[in-house]
Amino acid sequence: MARILALDYGTKRTGIAVTDELKLIASGLTTVNTPELMKFLENYFQHEKVERVLVGEPKRMDDSPSESEVHIQQFLKDFSEKFPEMPLERVDERFTSKMAVQSMIDSGLKKKKRRNKALVDEISATIILQTWLYD
């Protein structure tokens, strides 16, 4: 059985989440420095079966693309060239960062840990994945 991978793409860091093989549970995997993302994905795909990759789609409240979309479009182009057989799907990621911080608060993480942007990115990727799974 294959997993589904979700990316919260950022210009500095990318949060990554993955399902279990039965595609029932979404879990944070890691956060990778974005310049190292393609190498990470290549290695991951060699060791794990992945059915599809979800990439967050940041939008403004009026449904127009956010300013970071131009960077994501370049990533999507590069990804499709490197992994032409891997299906890509976009998922609306509005409010995922706020939801990630709120989940950190709700789980009792101290303020110092909540400032960890890498953890916020990983949780955001998990929320993107959960949105897709349960929609």
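A compact table of results
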| read-out | value |
| --- | --- |
| Likely footprinting exposure, Leu129, Leu37, fewest C-beta neighbours within 10 Å first | Leu37, Leu129 |
| Beta bridge orientation in the chain: antiparallel %, DSSP, nearest 5 | 55 |
| Under-5 Å amide H pairs with Ala6, H placed in peptide plane, nonlocal only | Ala17, Val18, Leu54 |
| Over 30 Å (Cα to Cα) - which of Lys12/Lys112; Lys82/Lys110; Lys49/Lys77; Lys82/Lys112 fall in this group | Lys82/Lys110; Lys82/Lys112 |
| Under 14 Å from Lys117, Cα to Cα: aspartates and glutamates that are on another chain or at least 8 residues apart | Asp8 |
| Reach of Lys111 by Cα under 20 Å, taken over aspartates and glutamates that are not fewer than 8 positions away in the same chain | Asp121, Glu122 |
| Listed residues Thr31, Met1, Leu88: farthest to the positive end of the dipole of the chain (Cβ charges) | Thr31 |
| Simple Cβ-charge dipole of the chain, Lys/Arg +1 and Asp/Glu -1, about Cα centre, in debye nearest 20 | 840 |
| Helix-only [θ]222 nm of the chain, DSSP H runs n ≥ 4, -39500 (n - 2.57) each, per residue, nearest 500 | -13000 deg cm²/dmol |
| Values of log10 I(q)/I(0), in the order q = 0.31 Å⁻¹, for the range 6-57 under a Debye, Cα-only, solvent-free model | -1.40 |
| Per-residue ³J(HN,Hα) for the range 117-123, Karplus 6.51 cos²θ - 1.76 cosθ + 1.60, θ = phi - 60°, Hz, x for Gly and Pro | 4, 5, 5, 4, 5, 5, 5 |
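None of the figures in this text is laboratory data; all of them are computed from the coordinates on show. In this text, all values refer to a predicted model and were calculated from it rather than measured experimentally. Glycine gets a Cβ as well: all are built from the backbone with ideal geometry, and neighbour counts include every protein chain shown.
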